[in-house]
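First comes the structure, then the notes that go with it.
Derivation of every value follows stated rules applied to the coordinates shown; laboratory data play no part. Everything numeric in this text was worked out from a predicted model, so none of it was measured. All Cβ positions, even for glycine, are placed from backbone atoms using ideal geometry, and neighbour counts span all protein chains on display.
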Amino acid sequence: ADYETITTETRDRVLLVTLNRPQALNALNSQVLDELLSAMADFDADDDLGCAVLTGSEKAFAAGADIKEMSDQGFADMYAHNFFAGWERFAATRKPIIAAVSGYALGGGCELAMMCDFIIAGDNAKFGQPEIKLGVSPGMGGSQRLTRAVGKAKAMDMCLTGRMIDAEEAERAGLVARIAPAADLLDEALKTAATIASMAPLAVMANKEMVNAAFETTLSQGVQFERRLFHGLFATHDQSEGMSAFVDKRAGKWSGR
Ligand code: HXC
């Protein structure tokens with residue numbers, strides 16, 4: 001597909017999506033949202049793709065929602081168009097997306113990174129929710145996803161002061177899964193995505209779905225949900241293939257069925 005604000009390329013079973021508005025530090029406007037939604041719909045529909053990596057530039061993953069696009073809007077415009085609601089469709093992508101974050105991930109940029117399944121941060125990454133400095137608040141799920149990721153104390157600290165945290169602090173807090181030297185970040189993310197993309201596709205989707213259920217359910221409901229999906233995987237060809245391959249001491253050959 002032809003996009004203007006993102007680029008996409010495939011490497012075997014991995015889709016690499018790069019935010020590409022360098023003049024605005026990858027600020028997320030409506031066109032970026034539309035293009036990302038289109039790319040993710042194609043990604044979910046393509047059986048030849050197993051995992052995606054979303055990245056930005058070295059200086060900025062994304063410096064936020066596009067402030068220039070929002071500055072003139074009033075309540076009626078925002079409410080009538082349900083501004084930002086489309087981002088939940090990005091978060092509903094069924095296959096895994098790794099955020100490879102170098103430089104600034106601020107406001108909507110931090111929120112977008114948190115909509116991905118996990119974050120690998122360059123050692124130069126900076127995360128923040130600075131919306132309070134603009135007289136507003138997170139609007140793409142940040143107050144909820146950040147709190148679930150790092151707990152109340154640090155989420156309040158970040159949302160109320162707008163201060164940025166670096167990669168080390170983000171890893172200690174549980175916001176990021178791993179840190180890589182900035183120069184190796186993309187390689188590390190692509191390698192990790194290739195590992196995920198080499199697994200049985202239905203099992204990958206089920207694992208993502210059940211981990212996400214932990215944010216929506218009680219423990220007993222979540223455990224029940226997990227067990228049902230786990231039972232369901234025993235209806236797949238790839239379950240019998242995976243277990244036979246283990247017994248035969250060979251690599252599994254997945255059919256995605
Ligand atoms: C629109 C942005 C932008 C943004 C940067 N730019 N962030 N444009 N929306 N969020 C533009 C700048 O206006 C500038 O354009 C160009 O990108 C380069 O940015 P500079 O500021 O010159 O770069 P630098 O001095 O290196 O500073 C980097 C920065 C700073 C610290 C990241 O750009 C910054 O503070 N940006 C805003 C961060 C922020 O508040 N994000 C939250 C947004 S609200 P020109 O044309 O001047 O060269 C949000 C959540 C929405 O995300 C919730 C409701 C509001």
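Which whole-Hz couplings ³J(HN,Hα) result when phi for each residue of the range 153-159 is put into the Karplus expression 6.51 cos²θ - 1.76 cosθ + 1.60, θ = phi - 60°, listed in order with x for Gly and Pro?
4, 6, 5, 4, 3, 6, 6
Can you give the extra length, in nm with one decimal, that the chain gains between A177 and S38 once fully stretched, where that is 0.36 nm per residue apart less the Cα-Cα distance?
47.4 nm
Can you give me the distance in nm between label points at E169 and I67, each placed 7 Å from the Cα along the Cα-to-Cβ direction?
Simple spin-label model gives 1.9 nm for this pair.
Mind listing the long-range amide H neighbours of A52? Cut-off is under 5 Å, sequence gap 5 or more, other chains count too, H placed in the peptide plane at 1.01 Å from N.
Residues meeting the amide H criterion: L15, I97, I98.
Tell me the net charge near A85. Cut-off is 14 Å between Cβ atoms, A85 excluded, with +1 for each Lys or Arg and -1 for each Asp or Glu.
-3
Suppose R0 equals 25 Å; then what is the FRET efficiency for R257 and A1 from their Cβ-Cβ distance, rounded to the nearest 0.05?
Efficiency computed from Cβ-Cβ geometry: 0.35.
How far is the Cα center of the range 207-257 from the Cα center of the range 1-60, in Å?
After rounding, the separation between the Cα centres reads 28 Å.
How far, in degrees from 0 to 90, does helix 219-233 lean away from the longest principal axis of the Cα atoms of the chain, to the nearest 10?
50
How large is ³J(HN,Hα) for each residue in the range 53-65, as worked out from phi by the Karplus curve 6.51 cos²θ - 1.76 cosθ + 1.60 (θ = phi - 60°), to whole Hz, x for Gly and Pro?
Those phi angles translate into 10, 10, 9, x, 9, 5, 7, 8, 5, 6, 8, x, 5 Hz.
Give, rounded to the nearest 20 debye, the magnitude of the charge dipole that the range 62-143 has about its Cα centre when Lys and Arg contribute +1 at Cβ and Asp and Glu contribute -1 at Cβ.
Charge dipole of the range 62-143: 220 debye, to the nearest 20.
Can you give me the long-range amide H partners of I6? Hydrogens built in the peptide plane at 1.01 Å from N, cutoff under 5 Å, separation of 5 or more residues or another chain.
The list, which skips near neighbours in sequence, is N20.
Through the Karplus equation 6.51 cos²θ - 1.76 cosθ + 1.60, θ set to phi - 60°, convert the phi angles of the range 85-102 into ³J(HN,Hα) values in whole Hz; use x for Gly and Pro.
Values per residue, Gly and Pro as x: 4, x, 4, 5, 5, 4, 5, 8, 3, 8, 8, x, 10, 9, 8, 9, 9, 10 Hz.
Which order, highest average first, do 103-114, 27-38 follow once you tally other Cβ atoms within 10 Å for each residue and take the mean per peptide?
103-114, 27-38
Grab the DSSP H runs of the chain that are 4 residues or longer, score each as -39,500 (n - 2.57), total them, divide by all residues and round the 222 nm result to the nearest 500 deg cm²/dmol.
Calculated at 222 nm, the ellipticity per residue is -13000 deg cm²/dmol.
Report the gain in length on full extension from Y79 to E216: 0.36 nm times residue separation, minus Cα-Cα distance, nm rounded to one decimal.
Computed gain between Y79 and E216 is 46.8 nm.
What is the local net charge at I98, summed over the other residues whose Cβ is closer than 12 Å to its Cβ (Lys, Arg +1; Asp, Glu -1)?
+2
What are the residues whose amide H is under 5 Å from the amide H of A60, where those residues sit 5 or more places off or on another chain and H is modelled from the backbone?
Y104
If I model a spin label as a point 7 Å beyond the Cα along the Cα-Cβ vector, how far apart are those points for D47 and Q31 in nm?
3.6
What pairs in K59/K152; K59/K126; K126/K154; K133/K154 have C-alpha atoms more than 20 Å from each other?
Over 20 Å apart, Cα to Cα: K59/K152.
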